[in-house]
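I have placed the structure first, in the form of structure tokens, so that the comments after it can refer back to it.
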Amino acid sequence: MATAGTSVPTDWREEWFEFEDATYLNLAGESPMPKVSLRAVQAAIADKKHPHHRADSVFYEIPNRIRANIAQLIGAKPEEVAVTTGASAGAIAVAHALEWKAGDEVITAVREFPLQFTTWKPMEERVGLKVKSVEPRERFLTADDLIAAMTPKTKLVSVSMVRFDDGSLLDARRVAEACHAQGALLLLDVSQSCGAVPMNVRELGADFLICAGYKWLLGPYGAGFFWIKHELLAQIRPGPFNWMSVPGSDNFAKLNFADPKPADSAKRWDAPEWASHFNFNLVGFDASLEFVVHMGPETVERHNRSLIELMYERLPKDRCVPASPLDAARRGPYGCFAARTPEKTAELYKKLRAENVIVSLREGNVRVSPHLYNTERDIDRLISVVTA
């Protein structure tokens with residue numbers, strides 16, 4: 001199997017079904033699954049007609065392979081990875097796993113993706129913690145903004161590695177170093193980066209990663225992962241766990257009913273009874289991850305950087321302004337722009353959609369997120385509609 005970062009030259013467009021009726025530039029909203037993933041799901045559905053053809057051992061093969069591929073993508077160990085239903089599942093796991101006391105601070109940022117607020121705001125009432133939303137001092141959120149907001153009461157910084165609304169890329173390592181210097185932890189949502197930006201958890205310094213699977217990991221809705229640094233498992237508060245995380249649960253004839261304990265791994269946070277071969281979503285996610293590892297995140301990063309820079313070069317300067325960092329080193333795998341007023345931006349978005357140029361409108365910005373199935377011709381099409 002190819003490793004992340006060792007993709008071979010190919011016409012990647014052949015790996016997806018053709019977009020006959022649209023110019024699709026919206027992977028950050030939802031990925032079209034590659035052919036190999038859809039075919040794997042179709043085969044799994046057919047297999048369900050005769051489940052007796054499958055040995056019990058198959059039950060765990062797919063989730064274990066998913067853990068291994070995710071670990072390869074992020075530079076982690078498979079036992080540190082939980083197979084979940086999405087990014088929110090990981091954030092909720094952290095909220096319930098940590099020991100909190102009244103006055104503890106969780107730092108996030110204004111206009112962060114809503115899961116940050118749906119996870120942490122209820123915890124203010126539940127345990128008395130305080131959520132601080134940081135406003136960037138300049139146009140884009142930086143590590144300095146988050147570090148300046150930290151106090152001795154800060155227990156956790158919880159933010160996105162790449163912002164969903166402007167594509168800015170956080171210097172996560174600096175934030176992690178500042179957190180650890182005072183005993184705080186860092187949770188990164190990598191939904192808009194994992195699979196399209198090379199990363200290594202040891203270099204990032206994060207303590208937790210959460211990720212949706214239906215974006216840059218090319219999977220279906222209802223799939224994702226949660227990564228926790230193994231050293232933190234001993235500090236985690238005991239809580240309910242799913243029965244398949246008990247050591248020996250792969251032997252269905254001899255299950256532990258008396259005093260089950262979770263395995264010394266992230267498996268305890270797997271989506272209960274979901275992470276198995278017989279879940280069609282998981283089958284698709286498995287095939288997509290194999291494909292992502294094969295092509296390599298650096299391939300996507302390099303390809304998208306070229307297309308987004310072309311877009312910024314060709315956007316009409318009198319009508320449009322960049323809404324993402326122009327320095328590619330500070331930008332994730334996509335780029336945003338806006339018209340001169342919010343009203344004109346909304347009109348421009350409607351015009352693009354009417355012409356079947358599929359992009360997103362996020363917090364007043366038009367978000368353009370290509371992938372390997374896109375070419376310069378698609379950027380030409382985008383620009384032709386903008387300038388018409």
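Among 59-65, 100-106, sorting by the average number of other beta carbon atoms lying within 10 angstrom of each residue, highest first, gives 59-65, 100-106. The tail of the calculated P(r) for the chain, taken as Cα-Cα distances beyond 39 Å, holds 19 percent of the pairs. Computed on protein heavy atoms with a 1.4 Å probe, the accessible areas place K254, K35 in the order K254, K35, largest first. Calculated accessible area for the chain comes out at 44 Å² per residue, all protein chains present (probe 1.4 Å; ligands, DNA, RNA ignored).
In this Cβ point-charge picture (+1 for Lys and Arg, -1 for Asp and Glu), the range 35-128 has a dipole of about 640 debye about its Cα centre. For V357, the residues whose amide H sits under 5 Å from its own are T23, ignoring neighbours fewer than 5 places away on the same chain, with H placed 1.01 Å from N. Among the lysines of the range 59-180, pairs at least eight places apart or on separate chains and with Cα atoms under 21 Å apart come to 13. Here's the list of aspartates and glutamates a cross-link from K254 could span, going by alpha-carbon distance under 14 Å and ignoring same-chain residues fewer than 8 apart: D56. Fully extending the segment from A346 to H50, taken as 0.36 nm per residue of separation minus the present Cα-Cα distance, adds 101.4 nm. Within the set K35/K351; K215/K267; K229/K261, which residue pairs have Cα atoms separated by over 25 Å? Violating the 25 Å limit, Cα to Cα: K35/K351.
Let me have the relative contact order for the range 66-116, percent, based on Cα pairs under 8 Å that are six or more residues apart. Answer for the range 66-116 is 25 percent.
In plain terms, the chain from D11 to Q42 could stretch by 8.7 nm, reckoned as 0.36 nm per residue minus the Cα-Cα distance. Here the relative contact order of the range 12-116, from alpha carbon pairs under 8 Å that lie six or more residues apart, stands at 14 percent.
Within the straight-line cut-off of under 18 Å between alpha carbons, the aspartates and glutamates reachable from K317 are E309, D327, E343, E347, D380, sequence neighbours fewer than 8 places apart in one chain being disregarded. Measuring from centroid to centroid over Cα atoms, what is the spacing of the range 34-50 and the range 227-258 in Å? First find each Cα centre; the distance between them is then 30 Å. Which of rounded, prolate, oblate describes the range 291-388, given a ≥ b ≥ c as roots of the alpha-carbon gyration tensor eigenvalues and a/c under 1.5 marking rounded, otherwise prolate only if a/b is larger than b/c? The shape class here is prolate. Working ranking of peptides 346-358, 205-217, 164-176 by packing, defined as the average number of other Cβ atoms within 10 Å per residue, highest first, is 205-217, 164-176, 346-358.
Taking the average, over residues, of other Cβ atoms within 10 Å as the packing measure, peptides 360-367, 318-325, 329-336 rank 329-336, 360-367, 318-325 from highest down.
Expressed as a whole percent, the accessible surface of the chain that belongs to carbon and sulfur atoms is 52, based on a 1.4 Å probe.
The values are calculated or read from the model by the stated rules, or taken from the named source; none is laboratory data. What you see is a predicted model; the values in this text were computed from it and never measured. Using ideal geometry, Cβ is built from the backbone for each residue, glycine included, and neighbour counts are taken over all protein chains shown. Just the protein is used for accessible areas: all its heavy atoms, side chains included, with ligands, DNA and RNA removed. Shrake-Rupley method; radii C 1.70, N 1.55, O 1.52, S 1.80 Å.
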